[in-house]
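The values are calculated or read from the model by the stated rules, or taken from the named source; none is laboratory data. What you are looking at is a predicted structure, and each value in this text was computed from that prediction instead of being measured. Cβ placement follows ideal geometry from the backbone for every residue including glycine, while neighbour counts extend to all protein chains displayed.
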């Protein structure tokens, strides 16, 4: 479904990505791990069009997408929940999800129809599925951090993506919130048959969720394989433990 | 439906009923005004309505779209000049002039917008200010066509609308219709997405919104309504001057939005009433009324960053949220 081939991205003289490769097959959950600064978030932003790569290419269902803008990539079927909470703070929880649903239905340009009666059922259904239905009327900026992360995931799901990208979905969450969020990701991916690409520092979560793991270091791919093979890989031990036995 | 949802729905229905009642009351007051007030105050009310429409059109892009619209007056002036020129130079029928003038503003909005939406925030505003000033300079210098700094006077208007009362009623009807349309727009999917772009452009793009195109559409719509306000200004004042397109007018109308509440729909109308009132009534006592405006602006920044109506609406929203939360627990 997704193929990243030798992408490079640098900021001034810092090479954030130097020839990273990745492939995500349909229906799989792929995790990207690596130390801080390995280039995980940069790669996600290149895939979703927020940053243009300096080299290499990104193919989605066989079609090159690296020259497209974020909204065009979203319409191709890639949706992302960001590492830092990225929601519409002044709007209600309902309006946050509704905006994404309307955009997905290509109804964002309707001028003389009342938005309050549009996409209500689908919006409430999505809120129900992530457990935010009761808070539909709350201003999004007033939600707890954990709920904001869940809302962000709900927004990403609202565009009915074929590939869902989650950048550190449990970052900054309490252990209880992490457990809830992990359960939610597991349930939503199973229910919707989603293909998921995510990065995470919580190794337990990575091992329990993913079908494949890709390990990055210094902007490059070290390995991409099933969790057990990654666990046994000397290159990964070298990267994480500095060659310790 | 849960208790929280039904409580919120009930409060929303109550608020909507209150809004409908307030709107009906306002329309009745507007209809009766010329019967109870002397001519000067009827003229003043018409001026408030025109300026209020102008300010509300700015707030479409400023408050709802989050765009730094630094030179909105250029669309107001363009509408006024197009209307006056069509009547004086082309001797066009009134209805045609009324129809074409806002379209001229909308086309200008499209041209300026198409260049400016490539940039964002301050850069957008500064480029717009530059392009708007260019239009002002052309109008100011083109004596043979626009009358230069003399403007255009003796604009032929039918008797029905050249009297104070006639101009007032035309203004009131058009302003009410325009406010209704703009209210529909801000509550439409287009308006909601516009607010989403204001809140978070990055997230908006990530849900598939073409933000540049959306902003350009918003710019054209705002320019169109500013053009209508320009036409009404000519009807009320009977004249048009290049000062209408000067950047200080844009600043003044921006202050109206800030004063009334730029996150509220009726805030700019309230702001317009205060500023036009100040200019009209303090102007009789002192030439330095802008000093008072300066003091108001300072007070606004320090104590009322969301404007007068923002101060009222925000606690009301918080109460509704609290009741939704309480209902949930």
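Restricting the stretch A:122-138 to residues that are more than 7 Å from every other protein chain (Cβ to nearest Cβ) and assigned to a loop (DSSP other than H, G, I, E, B), the residue that is nearest to residue A:151 (Cα to Cα) is A:132. Of all the criteria given as (1) over 18 Å from residue A:167 (Cα atoms); (2) without any contact (Cβ under 8 Å) to a residue 40 or more places away in the chain; (3) away from every other protein chain (no Cβ under 14 Å), the one not satisfied by residue A:36 is (1). Just one of the numbered conditions (1) surrounded by 14 or more Cβ atoms within 10 Å (Cβ to Cβ); (2) farther than 25 Å from residue A:16 by Cα; (3) out of contact with any helix residue (DSSP H, G or I) (no Cβ under 7 Å at 6 or more places or on another chain) is not true of residue A:185: (3). Residue selection: residue A:212 fails the criterion of being surrounded by 18 or more Cβ atoms within 10 Å (Cβ to Cβ), over 18 Å from residue A:21 (Cα atoms) and touching a strand residue (DSSP E or B) at 6+ places or on another chain (Cβ under 9 Å). Evaluate the following for residue B:176: is it more than 14 Å from chain A (Cβ to nearest Cβ), touching a residue at least 60 places away in the same chain (Cβ under 8 Å) and surrounded by fewer than 18 Cβ atoms within 10 Å (Cβ to Cβ)? Taking the combined requirement at face value, the residue satisfies it. Would you pick out the residues in the stretch B:218-247 that are assigned to a loop (DSSP other than H, G, I, E, B) and closer than 17 Å to residue B:170 by Cβ? Result: B:238, B:239.
Flag set for residue B:76, criterion: part of a helix (DSSP H, G or I) and either under 14 Å from the mean Cα position of the chain (by Cα) or farther than 25 Å from residue B:140 by Cα (or both).
Within the stretch A:119-134, the set of residues being surrounded by 16 or more Cβ atoms within 10 Å (Cβ to Cβ) and over 19 Å from the mean Cα position of the chain (by Cα) comprises A:119, A:122, A:123, A:124, A:132, A:133, A:134.
Answer yes or no as to whether residue A:13 is in contact (Cβ under 8 Å) with a residue 60 or more places away in the chain and surrounded by fewer than 22 Cβ atoms within 10 Å (Cβ to Cβ). No, not satisfied.
Looking across the stretch B:260-282, the residues that are assigned to a helix (DSSP H, G or I) and either modelled with pLDDT of 90 or more or surrounded by 23 or more Cβ atoms within 10 Å (Cβ to Cβ) (or both) come down to B:260, B:267, B:268, B:269, B:270, B:271, B:272, B:273, B:274, B:275, B:276, B:277.
Being more than 11 Å from every other protein chain (Cβ to nearest Cβ) and assigned to a loop (DSSP other than H, G, I, E, B): is that true of residue A:83 here? Yes: the conditions hold for residue A:83. When the residues of the stretch A:139-153 are filtered to those that are more than 10 Å from chain B (Cβ to nearest Cβ) and in contact with a strand residue (DSSP E or B) (Cβ under 9 Å, 6 or more places away or on another chain), which remaining residue is surrounded by the most Cβ atoms within 10 Å (Cβ to Cβ)? This residue is A:149.
Residue B:155 fulfils the conditions (1) buried (at least 19 other Cβ atoms within 10 Å of the Cβ); (2) in a helix (DSSP H, G or I); (3) away from every other protein chain (no Cβ under 14 Å) except for a single criterion, (2).
Any idea which residue in the stretch A:88-113 is nearest to the other protein chains (Cβ to nearest Cβ), counting only those that are over 19 Å from residue B:65 (Cβ atoms) and in contact with a helix residue (DSSP H, G or I) (Cβ under 7 Å, 6 or more places away or on another chain)? Ranking the qualifying residues of the stretch A:88-113, first place goes to A:104.
The one condition from (1) within 11 Å of chain A (Cβ to nearest Cβ); (2) crowded, with 20+ Cβ neighbours inside 10 Å; (3) part of a helix (DSSP H, G or I) that residue B:208 does not meet is (3).
Across the stretch B:193-205, the number of residues qualifying as at the interface with chain A (Cβ under 7 Å from one of its Cβ atoms) and either modelled with pLDDT of 95 or more or within 22 Å of residue A:76 (Cβ to Cβ) (or both) comes to 6.
Per the listing B:195, B:215, B:202, the residue uniquely surrounded by fewer than 19 Cβ atoms within 10 Å (Cβ to Cβ) and assigned to a helix (DSSP H, G or I) is B:202.
Take residue B:145 and tell me if it is in contact with a helix residue (DSSP H, G or I) (Cβ under 6 Å, 6 or more places away or on another chain) and in a helix (DSSP H, G or I). For residue B:145, the condition - in contact with a helix residue (DSSP H, G or I) (Cβ under 6 Å, 6 or more places away or on another chain) and in a helix (DSSP H, G or I) - is not met. Counting only residues that are within 16 Å of residue A:34 (Cβ to Cβ) and either free of Cβ contacts under 8 Å to residues at least 12 places away in the same chain or surrounded by 15 or more Cβ atoms within 10 Å (Cβ to Cβ) (or both), the stretch A:194-206 holds 7 of them.
Residues in the stretch A:48-78 that are within 13 Å of chain B (Cβ to nearest Cβ), under 20 Å from residue A:189 (Cα atoms) and in contact with a helix residue (DSSP H, G or I) (Cβ under 8 Å, 6 or more places away or on another chain): A:48, A:74, A:78.
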